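Participant: I'd like to ask you about the structure that follows.
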Amino acid sequence: MQSFFRCFLGILVVTQVLVSQNTVGLISIDPQNVTNGYNLLYPNNQSSVFLINNCGQLINTWEDERDGRPGVVAYLLENGDLLRASTHGNLPPSFGAGGSGGVIELLDWNGEIQWQYIIADTFKRQHHDVHMMPNGHVLAIVWENYDFEAIKSKGFDTIQNRQVELWCDAIYEIDPVLDSVIWIWRSWDHLVQEFDPNLENYGDISENPGKIDINYHDFSFGRQDWMHSNALDYNERLDQIILSV
């Protein structure tokens, strides 16, 4: 009862503050439908990551001195470190679409950067999700660029679509200790098509469930990021990665 009363008082205080200024906090709470724990917030179009409790009290903040923007995830790890993906204006020129990141960082509780890895140039860019593996490696979704001749060689339908390049999704496994990519899975290596029978990846789409139709166009024609993956996760028991597209 005392805990609820303290939380209730905290709500009243935060509500009063909200009247006069924008703040990280709580507007209302239903104690019967709240899961115990903290809440990690990485609001879009600003640079800070916030950790708050269920009463709206600020527990910790991780700033970005470059005035960066989410790219677009942050995860609080069991040891209190923060894994985040972000973007900022000082990155090299690169492809940009919804969810663009480019900078993967590991920060300690005090906001000090312990490790940073940049995937952003004219040929590739990290986007949307990253994931910390049990072995300490980091998985990341990455766009990779393929030009007109390359997509033609994979049977891209250049008659119906005037795209001159595609940014295909890949998954990078990065070892922070070695500070390098140690493994890559590329969607580019798993394409099938029914457009050009003279190419090696020609085949019946319905008979190739383990491959990706490069000419699937219900959604993607006209989009350079034609797959637009949003999230990934890792199953340690099966040693498998799941990718949400």
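Participant: What value in Å³ per residue do you get for the convex hull of the alpha-carbon atoms in the range 58-165? Please report the intermediate quantities before stating the final value.
Facilitator: Numbers: hull volume 13.8 nm³, N = 108.
It comes to 127 Å³ per residue, whole-number rounded.
Participant: Moving to a separate point now. Pick from 110, 54, 198: which residue has the top mean-square fluctuation in a GNM of the chain where Cα pairs under 10 Å get a spring?
Facilitator: For the chain, modelled as a Gaussian network with Cα springs under 10 Å, the answer is 198.
Participant: Shifting gears a bit: Only Lys, Arg, Asp and Glu count, each charged at its Cβ (+1, +1, -1, -1), so figure out the dipole size of the range 34-131 about its Cα centre, rounded to 20 debye. All intermediate terms of the calculation are to be shown ahead of the outcome.
Facilitator: Working: 5 positive and 11 negative charges, 74 e Å.
Taking the Cα centre of the range 34-131 as origin, the dipole is about 360 debye.
Participant: First select every other residue whose beta carbon is under 15 angstrom from the beta carbon of residue 202; then total the charges, Lys and Arg +1, Asp and Glu -1.
Facilitator: Working: positive: 152, 154, 211; negative: 157, 194, 196, 200, 204, 207, 213.
Neighbourhood net charge equals -4.
Participant: Could you give the C-alpha radius of gyration of the chain expressed as a fraction of 2.2 N^0.38 Å, taking N as the number of residues it contains? Intermediate results must be reported in sequence, preceding the final value.
Facilitator: Details: Rg = 21.9 Å, N = 245, 2.2 N^0.38 = 17.8 Å.
For the chain, the normalised Cα radius of gyration comes out at 1.23.
Participant: For 125, 186, give the ranking by accessible area with the largest first, probe 1.4 Å. Don't jump to the answer; show the numbers that get you there.
Facilitator: On the way: 125 25, 186 75 Å².
These residues rank, largest area first, as 186, 125.
Participant: Set Lys and Arg Cβ to +1 and Asp and Glu Cβ to -1, take the dipole of the chain about its Cα centre, and tell me which of 123, 232, 58 lies farthest positive.
Facilitator: Going by the Cα projections, it comes out as 58.
Participant: For the chain, what does the helix formula give at 222 nm: sum of -39500 (n - 2.57) over DSSP H segments with n ≥ 4, over the residue count, nearest 500 deg cm²/dmol? Please list the in-between numbers first.
Facilitator: Values: 2 runs with 25 residues, N = 245.
Roughly -3000 deg cm²/dmol at 222 nm, from the helical runs in the chain.
Participant: Taking the Cα centre of the range 124-245 as origin, sum charge times position over the Cβ atoms of Lys and Arg (+1) and Asp and Glu (-1), and report the length of that vector in debye to the nearest 20. Don't skip to the answer; put the middle values down first.
Facilitator: On the way: 9 positive and 22 negative charges, 51 e Å.
In total the dipole reaches around 240 debye.
Participant: In debye, nearest 20, what is the charge dipole magnitude of the chain about its Cα centre with +1 on Lys and Arg Cβ and -1 on Asp and Glu Cβ, if you could check?
Facilitator: Values: 13 positive and 33 negative charges, 172 e Å.
Value, rounded to 20: 820 debye.
Participant: For the chain, set up a Gaussian network in which alpha carbons nearer than 10 Å are linked by springs, and say which option among 158, 35, 122 fluctuates the most.
Facilitator: 35
Participant: With springs connecting C-alpha atoms under 10 Å apart, model the chain as a Gaussian network and identify which of 128, 217, 88 has the largest mean-square fluctuation.
Facilitator: 217
Participant: Something else: Over the range 26-160, what is the relative contact order in whole percent, taking alpha-carbon pairs under 8 Å and six or more residues apart? Write down the numbers at each step before the final one.
Facilitator: Values: 260 pairs, mean separation 20.5, N = 135.
After rounding, I find 15 percent.
Participant: For the chain, what's the relative contact order in percent, using C-alpha pairs closer than 8 Å and at least 6 residues apart? Could the numbers behind the result be given before it?
Facilitator: Numbers: 488 pairs, mean separation 26.3, N = 245.
It rounds to 11 percent for the chain.
Participant: Okay, next question. In the range 78-126, if the dipole is taken from +1 on Lys/Arg beta carbons and -1 on Asp/Glu beta carbons about the Cα centre, which of 91, 103, 114 is farthest to the positive end?
Facilitator: Checked the options; the winner is 91.
The values are calculated or read from the model by the stated rules, or taken from the named source; none is laboratory data. All values derive from a computational prediction rather than experimental measurement. Virtual Cβ from ideal backbone geometry, glycine too; neighbours counted across all protein chains shown. Heads up: the accessible areas ignore ligands, DNA and RNA and are worked out on the full protein's heavy atoms, side chains in. Shrake-Rupley method; radii C 1.70, N 1.55, O 1.52, S 1.80 Å.
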